[in-house]
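Contents: one structure, followed by commentary.
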Amino acid sequence: MKFIQSLFCCVSVALGLTSGVQAATIKDAGPYSMYAFDSINYSNASISTGIYAGESIILTNVSIATGVIPIGNTSLEVISGGTAVLTNGSVNGSVSYASTPSSSSSSLSARATFSQAPSPFILSNEDAYFQALSNALAGLTANATYSQTGSTVILHPIDPNAAAGLFIFNLPTGITTANNLILDLPAGSTAIINYQGNGSFQNGGFQVLNGLSATDIFWNSPTATSVNVSGTALQGTILAPNATVDLENGSLTGQIIANSVFGGGAQLSFDPYE
């Protein structure tokens, strides 16, 4: 798992977490393209793996589990700790909701179920863990920075001769609004990009150099209340435990862990940070 395994071990010690709690919690977020503590309200898109929300899920014309999951899958792919309302669309798998009124006119794969069941997660534990993790990551010492020319921002190591490794960015408020964002790190590296305040990735380019991909990129904001991704092909896992993430058109290759998610038209391909 590259550099992140040792990093999470260090962070778990700092947070006073046992390895068992750490492993279980991170695994819980693992198989979901969207993992929201509160709600998901999304439309007109395809999502390559399942989704989870602690309070409610509303889907309209959304296809779930369209990725590498075998056709005819019956495992739980949509899980709501409250209500679930699915209109049109499809789910390659089963749907679980904890409370009514819930309904579905979406097509499910053969033998899959739409059924009421308790949430498999203790939401307060999940929320607290990811908030603490986000805070801890934001406190790491930066060894990478950025250069800006006009509307282009290049993210790069502080040391121009740096070898491959784990690079930590601590970016100021507003830097993600650049129209052209370029991640330029040595081949084989990974990046944790901490940014202050709300995030906005709108109608711009995002370029990753030297063979890096979504599995190498982790966006973290412990203080954001909103993150907007629109008209952009963004890569990487987004951790924003206090934020509503608004996805509009474009695409996201990675994963979202946030308070809530809404919008539509942006395709999600599950490719989480390793």
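In the list N242, N194, N210, which residue meets the criterion of being assigned to a loop (DSSP other than H, G, I, E, B) and polar (S, T, N, Q)? Walk me through how you get there before you give the answer.
Numbers: N242 fails: assigned to a loop (DSSP other than H, G, I, E, B); N194 fails: assigned to a loop (DSSP other than H, G, I, E, B).
Residue meeting the stated conditions: N210.
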Practice item. Please work out which one of (1) surrounded by 20 or more Cβ atoms within 10 Å (Cβ to Cβ); (2) more than 21 Å from A132 (Cβ to Cβ) is the condition G265 fails and give its number. Key: (1)
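Can you give me the ranges of the strands (runs of 3 or more DSSP E) entirely in the stretch 47-134 with at least 1 residues that are buried (at least 18 other Cβ atoms within 10 Å of the Cβ)? Quick ask: steps written out before the conclusion?
Details: elements: 50-53, 56-64, 76-80, 83-87, 94-97, 114-116.
Once the strands (runs of 3 or more DSSP E) in the stretch 47-134 are filtered for at least 1 residues that are buried (at least 18 other Cβ atoms within 10 Å of the Cβ), what remains is 50-53, 56-64, 76-80, 83-87, 94-97.
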Review point. Among the numbered criteria (1) closer than 17 Å to I40 by Cβ; (2) in a loop (DSSP other than H, G, I, E, B); (3) hydrophobic (A, V, I, L, M, F, W, C); (4) at pLDDT 95 or above, which single criterion is violated by A164?
Key: (1)
Check your understanding: Inside the stretch 70-84, can you point out the residues that are of a type in the set (A, V, I, L, M) and modelled with pLDDT under 95?
Key -> I71, L76
Practice item. Search the stretch 213-239 for residues being in contact with a helix residue (DSSP H, G or I) (Cβ under 6 Å, 6 or more places away or on another chain) and assigned to a strand (DSSP E or B), and hand back the single one that is most open to solvent (accessible area, probe 1.4 Å). Key: Q235
Practice item. Give the residue that is most open to solvent (accessible area, probe 1.4 Å), with candidates limited to residues of the stretch 135-152 that are touching a strand residue (DSSP E or B) at 6+ places or on another chain (Cβ under 7 Å) and more than 30 Å from N203 (Cβ to Cβ). Key: T141
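Quick check: is even one residue across the stretch 153-171 of a type outside the set (A, V, I, L, M, F, W, C) and closer than 21 Å to G250 by Cα? Before the answer, list the steps.
We begin by selecting, within the stretch 153-171, every residue of a type outside the set (A, V, I, L, M, F, W, C); these are 156-157, 159-161, 165, 170.
Within this subset, residues satisfying the condition of being closer than 21 Å to G250 by Cα are none.
Among the residues of the stretch 153-171, not one is of a type outside the set (A, V, I, L, M, F, W, C) and closer than 21 Å to G250 by Cα, which makes the answer no.
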Revision key, fill the gap. For the stretch 182-199, the count of residues that are open to solvent by less than 10 Å² (accessible area, probe 1.4 Å) and either within 27 Å of N259 (Cβ to Cβ) or not hydroxyl-bearing (S, T, Y) (or both) equals 9
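If you check N210, N203, which single one turns out to be more than 16 Å from G236 (Cβ to Cβ) and open to solvent by 30 Å² or more (accessible area, probe 1.4 Å)?
On the way: N210 fails: more than 16 Å from G236 (Cβ to Cβ).
One residue alone meets the criteria, N203.
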**Study point:** Scope the stretch 145-161; condition at pLDDT 95 or above, under 22 Å from A224 (Cβ atoms) and not hydroxyl-bearing (S, T, Y); matching residues
**Key:** L155
Point to revise | Residue in the stretch 203-222 that is of a type in the set (S, T, Y) and over 12 Å from the mean Cα position of the chain (by Cα) present | key: yes
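The values are calculated or read from the model by the stated rules, or taken from the named source; none is laboratory data. All figures in this text were calculated on a predicted structure; none of them were measured in a lab. Positions of Cβ are backbone-derived with ideal geometry, glycine not excepted, and every protein chain shown enters the neighbour counts. Side chains are part of the model used for accessible areas, which takes the heavy atoms of the whole protein and leaves out ligands, DNA and RNA. Shrake-Rupley method; radii C 1.70, N 1.55, O 1.52, S 1.80 Å.
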